[in-house]
Amino acid sequence: MPTVVLMDVSLSMTRPVSLDGSEEFQRKNLAVHGLNMLFEHMASNYRLEFTTLMAFSSLWELLVPFTRDYNALQEALSNLEDYDKTCIESALHGVSNVVQQEWGSACPCQVVLVTDGSLGIGKGSLRHSLLTLKQRGDDKKFPLPFPFPTKLFIMCIANAEELQMTDAMDNLEELLRISGGDGQIFTMEGPLCMKSVQALFGRLIDHAYSPFHAVLHCGNLSSDVQVFPRPEPIVVDEEVEPMPRTVSTDLEIVGFIEIADISSPPVISRHLVLPIAVNKEVDEVGTGTTDELEEEPSASQMAGKSPNFCVLLHGSLKVEGMVALVQLGPEWYGMLYSQADSKKKSNLMMSLFEPGAEPLPWLGKISHLGPISEAAENPYGEDDSKSPFPVQPPVKRSYAQNVTVWIKASGLQTDVQKILRNARKLPDKTQTFYKELNRLRKAALAFGFWELLKVVADLLERECTLLPDSAHPDAAFQLSHAAQQLKLASTGDSQHSAFDHNIVPMHTDFSKHSER
């Protein structure tokens with residue numbers, strides 16, 4: 001997920017830190033050193049992720065927009081200037097604007113706030129912002145929680161003891177709680193020095209930016225892979241005692257299935273699967289002389305020439321048009337497939353299903369699937385003319401009538417035209433007319449589509465005015481009656497708008513004579 005680095009450049013960050021036997025540093029220098037360490041790690045392990053750098057004091061500034069160029073981020077860090085007082089609320093507004101302009105409100109994002117724990121002074125300080133949370137209008141809302149999913153990591157260039165001497169720690173914990181609580185506050189341990197700040201950012205890297213390495217198995221074949229971005233733990237709400245479930249580091253392929261059978265299933269998240277080059281001869285190469293090293297191929301070249309199961313799997317899935325079902329943990333499955341970025345480039349992707357033994361109802365239980373060779377006859381037919389999916393449920397469904405679906409405009413148009421065709425054949429088609437009218441009425445009420453009822457009522461009144469002189473008198477009465485009932489249902493307040501209420505034909509003298 002994208003990362004926003006929010007760097008505090010207020011005057012409090014220029015406070016000196018005395019290091020024994022060396023020159024004097026500022027807290028800002030320690031923060032820059034820690035961020036350089038983070039950027040170097042991301043350049044090696046998170047090259048595909050986008051990162052932006054923002055600076056703030058009383059105002060905020062976008063120094064480097066979202067990029068994968070970590071050299072540009074490090075260069076911007078070396079050119080930071082000092083400004084005035086701290087205003088975290090203003091900076092959080094800036095984060096919200098930058099992320100929504102680039103990614104919208106659906107993309108999850110990580111925010112790394114680097115500060116010394118100073119809350120600011122007076123109006124605009126974090127203390128003042130939190131005290132006035134409930135006294136604001138809609139036009140001056142606090143930016144947290146963000147409109148997009150986020151993890152907030154607060155990196156304090158200060159000791160926990162220093163923060164607890166004031167109410168700084170309490171306010172930062174409240175800030176984290178308002179953001180959704182999905183994040184952490186990191187403080188320095190021991191004296192303020194380069195070693196401590198390296199340990200500080202090292203804990204952030206281990207917590208949020210450590211690559212996810214796994215072993216992909218398929219029978220006797222296996223391959224070391226990196227899954228990017230790192231899969232997040234999933235909490236299953238239906239369980240009596242919900243426990244976070246994590247993806248196993250041993251990914252076992254349980255079978256293969258055609259793309260047409262698995263269709264486009266609902267997934268929790270999508271990840272790149274990248275092969276990891278494991279070169280056992282690197283140490284031996286490293287023991288030679290300089291001349292020998294120049295003649296020997298590099299580790300990456302040697303890895304490119306060695307066979308890799310992950311590459312074989314990717315090519316096979318792409319050529320055969322199939323996906324691999326992979327077990328992520330106990331009763332938790334996903335799928336591996338080839339996805340094309342362009343005409344020439346494609347990637348091996350892994351999508352995670354919802355935890356459970358039956359994540360895709362049309363496939364049935366994953367554990368019940370087996371190879372075609374074990375079937376008495378080919379379930380796809382001799383010429384691949386049929387499919388064993390969707391799996392039919394063992395118990396016959398209690399409902400026999402199809403549900404009204406208006407995914408496309410043509411479906412709605414067909415239902416309205418059906419009513420109008422029957423309306424023109426009244427009174428002969430009275431029963432069919434009211435059956436179709438009640439079906440449309442119930443669907444509109446279920447969807448909250450009140451406007452449809454008004455429009456159909458207007459159409460029926462128009463049909464009433466267009467009746468020819470030779471039309472049966474009962475047709476005009478029935479059309480007017482149906483239009484009036486639809487208008488009553490569209491108000492949503494009367495008994496006529498009840499879902500179980502049906503519009504019944506109007507009893508007239510003409511209808512009685514016709515029954516005789």
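The values are calculated or read from the model by the stated rules, or taken from the named source; none is laboratory data. Values in this document were obtained by computation on a predicted structure and should not be read as measured data. For neighbour counting, all protein chains shown are included, and Cβ atoms are generated from backbone atoms with ideal geometry for every residue, glycine included. Keep in mind that these areas ignore ligands, DNA and RNA; they rest on the heavy atoms of the full protein, side chains included. Shrake-Rupley method; radii C 1.70, N 1.55, O 1.52, S 1.80 Å.
Miscellaneous remarks
- Output for the range 135-164, where each listed residue is in a loop (DSSP other than H, G, I, E, B), open to solvent by 60 Å² or more (accessible area, probe 1.4 Å) and at pLDDT below 85: R136
- Selection within the range 166-202 - part of a helix (DSSP H, G or I) and of a type outside the set (A, V, I, L, M): D170, N171, E173, E174, R177, K195, S196, Q198, F201, G202
- Residues of the range 357-372 satisfying the condition of being of a type in the set (A, V, I, L, M, F, W, C), part of a helix (DSSP H, G or I) and open to solvent by 20 Å² or more (accessible area, probe 1.4 Å): W362, I372
- Reported count of residues in the range 423-444, each being within 40 Å of the chain's Cα centre (by Cα) and either among the basic types (K, R) or farther than 18 Å from W406 by Cβ (or both), is 3.
- Looking only at the range 411-425, and only at residues there that are open to solvent by 20 Å² or more (accessible area, probe 1.4 Å) and among the hydrophobic types (A, V, I, L, M, F, W, C), the one that is farthest from D474 (Cα to Cα): L412
- The condition of being at pLDDT below 90 and either buried (at least 22 other Cβ atoms within 10 Å of the Cβ) or touching a strand residue (DSSP E or B) at 6+ places or on another chain (Cβ under 8 Å) (or both) holds for only one of E49, E102, that being E49.
- Any chance E40 is within 32 Å of the chain's Cα centre (by Cα), over 22 Å from C87 (Cβ atoms) and open to solvent by 50 Å² or more (accessible area, probe 1.4 Å): yes
- Among the residues of the range 400-449, those that are of a type in the set (D, E) and part of a helix (DSSP H, G or I) comprise D415, E436.
- Scoring T132 on the criteria (1) exposed (fewer than 15 other Cβ atoms within 10 Å of the Cβ); (2) under 28 Å from M1 (Cβ atoms) leaves a single failure, condition (2).
- Scan the range 450-475 for residues that are open to solvent by 60 Å² or more (accessible area, probe 1.4 Å) and assigned to a loop (DSSP other than H, G, I, E, B) and the total you get is 5.
- Of all residues in the range 195-244 being at pLDDT below 90, touching a Pro at 6+ places or on another chain (Cβ under 8 Å) and of a type in the set (A, V, I, L, M, F, W, C), the one that is most open to solvent (accessible area, probe 1.4 Å): V235
- Restricting the search to helices (runs of 4 or more DSSP H) fully inside the range 16-113 and requiring at least 3 residues that are over 13 Å from P2 (Cα atoms), in contact (Cβ under 8 Å) with a residue 60 or more places away in the chain and touching a helix residue (DSSP H, G or I) at 6+ places or on another chain (Cβ under 8 Å) gives 27-45.
- For the range 116-129, filtered to residues that are open to solvent by less than 20 Å² (accessible area, probe 1.4 Å) and among the hydrophobic types (A, V, I, L, M, F, W, C), the residue that is farthest from D82 (Cα to Cα) is L126.
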